[in-house]
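Below is one structure, written out as structure tokens; comments come after it.
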There are 4 protein chains.
Amino acid sequence: MIDQPLSKESADLERLYRLTDVVWGRDEPMPDELFAQAKDDAFAIVTGRWRHGSVHEMPNLRAILEVGGRHPSPQVLDYQSCFARNIRVLSCAPAFGPMVAEMALGMALAASREIVDGHNAFATGEERWLHAGNVGTFTIYNQPVGLIGFGGLARALKPLLAPFQCKLQVYDPWLPATYLASQGMTPVELKPLLETCKVIFVLAIPSIANKALLDYEHLALIQPGAVFVLISRSHLVDFAALTELVSAGRFKAAIDVFPEEPLPKDHPIRHAPGVILSAHRAGSVPRDLRHIGRMVVNDLEAMLAGLPPLEMQTAQPELVYRLE
Amino acid sequence: MIDQPLSKESADLERLYRLTDVVWGRDEPMPDELFAQAKDDAFAIVTGRWRHGSVHEMPNLRAILEVGGRHPSPQVLDYQSCFARNIRVLSCAPAFGPMVAEMALGMALAASREIVDGHNAFATGEERWLHAGNVGTFTIYNQPVGLIGFGGLARALKPLLAPFQCKLQVYDPWLPATYLASQGMTPVELKPLLETCKVIFVLAIPSIANKALLDYEHLALIQPGAVFVLISRSHLVDFAALTELVSAGRFKAAIDVFPEEPLPKDHPIRHAPGVILSAHRAGSVPRDLRHIGRMVVNDLEAMLAGLPPLEMQTAQPELVYRLE
Amino acid sequence: MIDQPLSKESADLERLYRLTDVVWGRDEPMPDELFAQAKDDAFAIVTGRWRHGSVHEMPNLRAILEVGGRHPSPQVLDYQSCFARNIRVLSCAPAFGPMVAEMALGMALAASREIVDGHNAFATGEERWLHAGNVGTFTIYNQPVGLIGFGGLARALKPLLAPFQCKLQVYDPWLPATYLASQGMTPVELKPLLETCKVIFVLAIPSIANKALLDYEHLALIQPGAVFVLISRSHLVDFAALTELVSAGRFKAAIDVFPEEPLPKDHPIRHAPGVILSAHRAGSVPRDLRHIGRMVVNDLEAMLAGLPPLEMQTAQPELVYRLE
Amino acid sequence: MIDQPLSKESADLERLYRLTDVVWGRDEPMPDELFAQAKDDAFAIVTGRWRHGSVHEMPNLRAILEVGGRHPSPQVLDYQSCFARNIRVLSCAPAFGPMVAEMALGMALAASREIVDGHNAFATGEERWLHAGNVGTFTIYNQPVGLIGFGGLARALKPLLAPFQCKLQVYDPWLPATYLASQGMTPVELKPLLETCKVIFVLAIPSIANKALLDYEHLALIQPGAVFVLISRSHLVDFAALTELVSAGRFKAAIDVFPEEPLPKDHPIRHAPGVILSAHRAGSVPRDLRHIGRMVVNDLEAMLAGLPPLEMQTAQPELVYRLE
């Protein structure tokens, strides 16, 4: 049963219909009455936002496949029952990794090479040519680059950075230093990362513990002229402090996520010098969103064959209660 | 003898002074009188622009090292004598490859992901959020990408594109199809490249034959919404045709090189929709220009030891007369 | 509590002792009496072979870390209770991937380049020089290569094969074709894989379903002169059929795993032409076994901090009952 | 005109015949009389061994393409005239890089993992299983690896070693340390390389200066149990010293090239422990030799179009007189 359309890619849809009985496949919410009839037999539920309460009345349920990008909150889904019954709660978050990583790289290069400011100067006839137009620019080859958080986004970004041979430093309190070293990363504490890196990517998922982790004191450590890329969630940042420092020209910033979306029209970050802003656009590229459909159908195919899912991210009992 | 300063990087300069007698090492032109005295003994001349006529009166000359980015024109340097005497005429062009390739990728992503327009909309409070802000965007993963010219620039760009797993098509009339295939490229003619690629990079060096190769008829083949990146020389393009097509919104363009530099203030490309302009800034990043110094010293070190140069590009008898 | 020593690498051991109370850390089985005292409080048990029956009397148990290379059999461990209580049952199998993959590549090259036969001919003065010594050899560059099973071993082998640019074909009935394609693999059925590949690697783990999957009929499809590398488990092969075909010179084989170990002294495979035999040595390289210790300590560190394990392989409810 | 057959690959041959007039294309030496008639007009000569004296009587000659693997000796070819007239003297040596590099890796792994000895013990029923069979083995992951010579062979080997993440140390007196560092290599002196590396590859081409460079004193520095791979030329080694040290079990060796070929039947290296011998077989794999044909035709195609050759190696005035 599907209560969210997944992919217009007809090959994936056709595969889905060949695999199983689809109770509801339209691009609008499933009627409650129909849901009530179907829940006894449901093997899997594909959903954008879980709104079906406890799984107690779904005795055959084996999987919940979430297609919005984050696992359902423990406040709406009874995870304890899911874990005890080995019901897979799956998130399509991995589908976003590559497109968000590409945007993170694109925004970082736009900032380090001053592509936005360079263009805007050109449009108004104030461009500076050659060396004169490169006073504050740098390439990222061999530079110290910091990753705050080493989860799915960081793993999608790592190969894109590989040809630049950056020296990758990682801060991630959920991962032992020995493990990070085994992944070719240099594990560091947060402060030295902020102090030494020319480009800093915020890639961590929001947790209870990392709320406003990057406060004024931390952000003030960033080098003059360095590039700060905020791409996962603004939750990790004291946004007022970030706005103040960027507005003062202390470092460059590229920002895709905001504490309020839409952001108020009069928010001062809109006019900060050297900033590059994007309206939460990193993870919504039309063609790439279709990968969600492929992942859902692949994982349903595997689970219907009695095998584990492969592409979506399985909710872990250790993590679901820690996430914001 | 040096008639152009090369690197402020003290380690390279120190190596140079340890290697050989430097007749002139200041950041201003060498006085003619001093040149006249030194030319009898000169082993190598480092120069930004050759202005010393024939090499006939330099009997011990083994190398000319050019640090401006292109081999001297055959109109100012007597190549025939150089080739007959095995005098190496070396260009520092390879030093520019990585920084120009990075800018090419950065501008391509800025165009495909609409980073400049997205930011400018944000600054004026007209940004569109999430899917609404991604109507014409695409990622470059697995896309057909065309390279016009497969020389040094293309070779520097290739590793940066590798993690995106693009399908690379190459048009280069100087290279046999079998050779291109051996490099993992798909050799194609120019028209199918223009018709099928989502991103097109102009990377060829200017030659007599490729002047305005990309005329209106060719440029009009580019797909709606595709990205055209002009990064090597505007020589290859009918710039008026390009301006007309981009102004009409036929495709996106990212342009770093222009038929006149500086470009007239009233040139219509400055206000074309979806264009990203950069004032010939791709190859002038301060830190990266220092690689020129390293290359000059490394190649001098090799040649003084009687070995071939390694890093700079040796002028080839087949090519020097073809270049613009 | 540990009932199997893990690593002599002192740094890992020291980390372990700093992390937690170790009830038993000697290189001999833990006395039953001591186990009985400790089981009430045990958070994790590190073990080479599970021999402690049900987990019912271990109310605080959160993890079983197995250091022999395979998950405990469902006949000795009550997985249902483990899954219901979210007790992590972890295998150190990932530690073996790189060393086994290296051996698989080494044995494949030894077979394709006839390194063993070439050496043995040399030792007896019967070597053939240059072209005469290369009548049946081939390089693996660009060759069609088949992987039977795409689990941990295949993932460790994939990067080693990458520089050879082989055309990788995969047969794995547990993975949807669309998923394999998303990993850059060409999904195929078993028969065409056997018929077309120049090198075939058997990499699957043993399951109830794949017992003697490669029977006479299948093995007879392998091309003359191709290389068959048996490296995961002989369980997948009808070993008598393999012996017959290799003895008849139908193809080359490199074999590290056998139906009986030690193999009887008079087994005919010992003298088959073109065979390369190794006495289950791929996964026992001393230095590399220490990675098991690192993984155990890293995952304990994560789990003691309330986080999911990172490096070892978590038993999956869908798979444990399928494995042999 | 061709005086050596190149490729049986019909596509390459067909291309050749379409490109130009082929005066002689048979697999036997060109008759002298025919050569005398043709030399006036000859644009290029493809040859296995130059035997045509001076180029003075070949006024239109633009290229000599050698298909045996080394540039003609200065004792048989008048290089001075070739350089003065810009006649390209091309060697097919690059065609051998990949196949020799693969063999070097294969022999190194056969030695480090004891694949030959392990097999031979198995054949005689004396194999040791599991850990017992791995007493002296090691994997090459993350190991210090030394390359003696960083020319074409080393560049072909480098990508094959890349996935093992070895720490590559290079000794090459023809290359500045700064240049080697720019290639990602650690430049070292010869003695520390020999003392610290677990695998040592001899990859240099023979020169007047490197004759028996690796004498007893140097070879005695190699670590016990390390692997010494002699793959380019035995010229670089005091072979008697190597034989003595390997026979004494001081380190492992894998040898493809010998001071006399064929090697005397009673040479003691044939029975040294832990040695792996190959009868100069690394560069003679049938399918891969066909790349020579492709390279010859590609470079002829380029040169007939007035362009520089691309794939073969152009003789350099600085080097031809230094080579043995």
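The values are calculated or read from the model by the stated rules, or taken from the named source; none is laboratory data. As the structure is a computational prediction, the values presented were derived from the model and not from experiment. A quick note on method: Cβ atoms are made from the backbone with ideal geometry, for glycine too, and the neighbour counts reach across all protein chains shown. Calculation scope for accessible area: heavy atoms of the full protein, side chains included, ligands and nucleic acids excluded. Shrake-Rupley method; radii C 1.70, N 1.55, O 1.52, S 1.80 Å.
Only one of these conditions is not met by D:GLU57: (1) touching an Asp or Glu at 6+ places or on another chain (Cβ under 8 Å); (2) within 14 Å of chain B (Cβ to nearest Cβ); (3) in a loop (DSSP other than H, G, I, E, B). Which number is it?
(2)
Which of the residues that make up region A:140-166 are surrounded by 22 or more Cβ atoms within 10 Å (Cβ to Cβ) and part of a loop (DSSP other than H, G, I, E, B)?
Matches in region A:140-166: A:GLY149, A:PHE150.
What about A:ALA181, is it assigned to a loop (DSSP other than H, G, I, E, B) and not basic (Lys, Arg)?
Judged against the criteria, A:ALA181 is not a match.
Considering region D:139-197 alone, what residues qualify as being free of Cβ contacts under 8 Å to residues at least 40 places away in the same chain and among the hydrophobic types (A, V, I, L, M, F, W, C)?
Residues satisfying the conditions are D:ALA162, D:PHE164, D:CYS166, D:LEU168, D:VAL170, D:TRP174, D:LEU175, D:ALA177, D:LEU180, D:ALA181, D:MET185.
Would you confirm, using the coordinates I've provided, whether C:LYS198 is under 22 Å from D:GLU102 (Cα atoms), of a type in the set (Lys, Arg) and open to solvent by less than 60 Å² (accessible area, probe 1.4 Å)?
Yes, satisfied.
Residue by residue through region A:298-307, note down the ones that are of a type in the set (A, V, I, L, M), open to solvent by less than 20 Å² (accessible area, probe 1.4 Å) and more than 8 Å from every other protein chain (Cβ to nearest Cβ).
Within region A:298-307, just A:LEU300 meets the criteria.
How many of the residues in region B:232-278 are within 14 Å of chain A (Cβ to nearest Cβ), surrounded by fewer than 23 Cβ atoms within 10 Å (Cβ to Cβ), assigned to a loop (DSSP other than H, G, I, E, B) and among the small types (Gly, Ala, Ser)?
2
Against the condition of a type in the set (A, V, I, L, M, F, W, C), buried (at least 24 other Cβ atoms within 10 Å of the Cβ), farther than 27 Å from C:PRO192 by Cα and away from chain D (no Cβ under 14 Å), how does C:LEU310 come out, does it pass?
For C:LEU310, the condition - of a type in the set (A, V, I, L, M, F, W, C), buried (at least 24 other Cβ atoms within 10 Å of the Cβ), farther than 27 Å from C:PRO192 by Cα and away from chain D (no Cβ under 14 Å) - is not met.
Quick one: is B:GLY293 more than 16 Å from the chain's Cα centre (by Cα) and either within 14 Å of chain A (Cβ to nearest Cβ) or without any contact (Cβ under 8 Å) to a residue 60 or more places away in the chain (or both)?
It is false that B:GLY293 is more than 16 Å from the chain's Cα centre (by Cα) and either within 14 Å of chain A (Cβ to nearest Cβ) or without any contact (Cβ under 8 Å) to a residue 60 or more places away in the chain (or both).
Is it fair to say B:ASN120 is closer than 23 Å to B:LEU307 by Cβ and without any contact (Cβ under 8 Å) to a residue 60 or more places away in the chain?
No.
Would you point out the residue of region C:12-38, among those that are without any contact (Cβ under 8 Å) to a residue 40 or more places away in the chain and among the charged types (D, E, K, R), that is most open to solvent (accessible area, probe 1.4 Å)?
C:ARG18
When you scan region C:63-108, how many residues do you find that are of a type in the set (S, T, N, Q) and either open to solvent by less than 10 Å² (accessible area, probe 1.4 Å) or not in a loop (DSSP other than H, G, I, E, B) (or both)?
3
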